[in-house]
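Reading through the structure tokens given below for one structure.
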Amino acid sequence: MRSSKTTKPTRPLTEEELRLRLNKQNRALKTQQRAKNWLVLLLITFSLFVPFTSPYWRVRHVVITGVQGNFTPAEAETLQQTLTTSKYTNWLRAPVGTLYVNALKLPTIDSIRISRQWGWKLIANVVPRTPYAILSTNGAKYEMDVKGNLIRPARETLLSQLPQIELPNLPNVHLGQQIGTFSCTSWLYLLQNRYANSTVRIEKIVVDSYGNLCLNMSDKLEVRLGQYIPLTNLPTDSFAYKLDRLKVMYQHRPAIANEIAVVNLSAPQYPACIPRNATATPSVPIIPESSSPSSG
């Protein structure tokens, strides 16, 4: 005969045992969840780390705009080398700020904006310094922009196209240097208002060692204006007033340069002149007292 096994009845769990079993299950679930969270965090970190380190994400091209027609070949090559990154520079970590600072050190650059573009490119939008006048000093000539920054040695093609400023013995001249703010403001005003009439204009501003300005007009007349900084604050000492008197003079005597070589407007209330012919009788330019300064 088969002996039958009797099943021992299961003892119901006490409340304490149920609580301990639930706590154990909860700890196991929390351990599994933490492991999943760490795995997800590692995957995210890895996915973010790879683009910043992968050689595939290196800078492929540096595109420079604004150079064509504004820079000499040597200047364009210098700018290209300044903005060139190392072979394996990461596109996301490219030193845009350092490239920006280094580019602004070049005397030919007025401003620049560098940005990243998809396709692993760096785009550099350049605003070059535009020659506004030719500065002559110490036997050398330089192209100068409207802010008074020296750009480069003057090119032959621009010597006859731009007005010239002649300064005596300017110390420590180097490209990128900015000439004094006040003198630049004076020159800028004079060159912006350089036309005495429809045909006569200022071709050169000559500054002596005392800071006195002399205008060489296109009709070979010399006009002495006095110093950068007037000795008084009177309106009659301003360049605006003196230029207005000069324009009135040309209005009444358009061919004055045929008779007079030098006009002295240092004290415009008492203009003086030197005749072109030494034997000619000196005369005073016709400048009616009723004339009022124009806005230029």
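Test PRO107 against the criterion of being surrounded by 13 or more Cβ atoms within 10 Å (Cβ to Cβ) and touching a residue at least 40 places away in the same chain (Cβ under 8 Å), and give yes or no. Yes, satisfied.
In the set LEU188, LEU175, only one residue is modelled with pLDDT under 85 and under 24 Å from PHE71 (Cα atoms); that residue is LEU188. Would a scan of the stretch 47-54 turn up a residue that is exposed (fewer than 10 other Cβ atoms within 10 Å of the Cβ), of a type in the set (Gly, Ala, Ser) and at pLDDT 90 or above? No, the stretch 47-54 has no match at all. Please determine whether any residue of the stretch 169-183 is surrounded by 13 or more Cβ atoms within 10 Å (Cβ to Cβ) and part of a helix (DSSP H, G or I). Among the residues of the stretch 169-183, at least one is surrounded by 13 or more Cβ atoms within 10 Å (Cβ to Cβ) and part of a helix (DSSP H, G or I), which makes the answer yes. For the stretch 115-132, which residues satisfy the criterion of being in a strand (DSSP E or B) and free of Cβ contacts under 8 Å to residues at least 60 places away in the same chain? Correct list: SER115, ARG116, GLN117. A search for C-beta distances below 6 Å between a residue of the stretch 133-156 that is in a loop (DSSP other than H, G, I, E, B) and any residue that is of a type in the set (S, T, N, Q) and at pLDDT below 90, counting only pairs 6+ apart in sequence or on different chains, returns GLY148/GLN178. When LEU170, LEU158 are checked against the criterion of being farther than 30 Å from TRP91 by Cα and at pLDDT 90 or above, LEU158 stands alone in meeting it. The residue list LEU150, LEU170 contains one member that is among the hydrophobic types (A, V, I, L, M, F, W, C) and under 25 Å from LEU99 (Cβ atoms), which is LEU150.
Without any contact (Cβ under 8 Å) to a residue 40 or more places away in the chain and of a type in the set (S, T, N, Q), is that true of ASN90? Considered against the rule, which asks whether it is without any contact (Cβ under 8 Å) to a residue 40 or more places away in the chain and of a type in the set (S, T, N, Q), ASN90 comes out as yes.
Do the conditions hold for LEU191, that is, is it in the same structural domain as VAL263 (by TED's automatic domain parsing), touching a strand residue (DSSP E or B) at 6+ places or on another chain (Cβ under 7 Å), surrounded by 14 or more Cβ atoms within 10 Å (Cβ to Cβ) and in a helix (DSSP H, G or I)? It is true that LEU191 is in the same structural domain as VAL263 (by TED's automatic domain parsing), touching a strand residue (DSSP E or B) at 6+ places or on another chain (Cβ under 7 Å), surrounded by 14 or more Cβ atoms within 10 Å (Cβ to Cβ) and in a helix (DSSP H, G or I).
The values are calculated or read from the model by the stated rules, or taken from the named source; none is laboratory data. These numbers come from a predicted model, not from an experiment. Don't worry about glycine lacking a Cβ; one is built from the backbone with ideal geometry, like all the others, and counts go over all protein chains shown.
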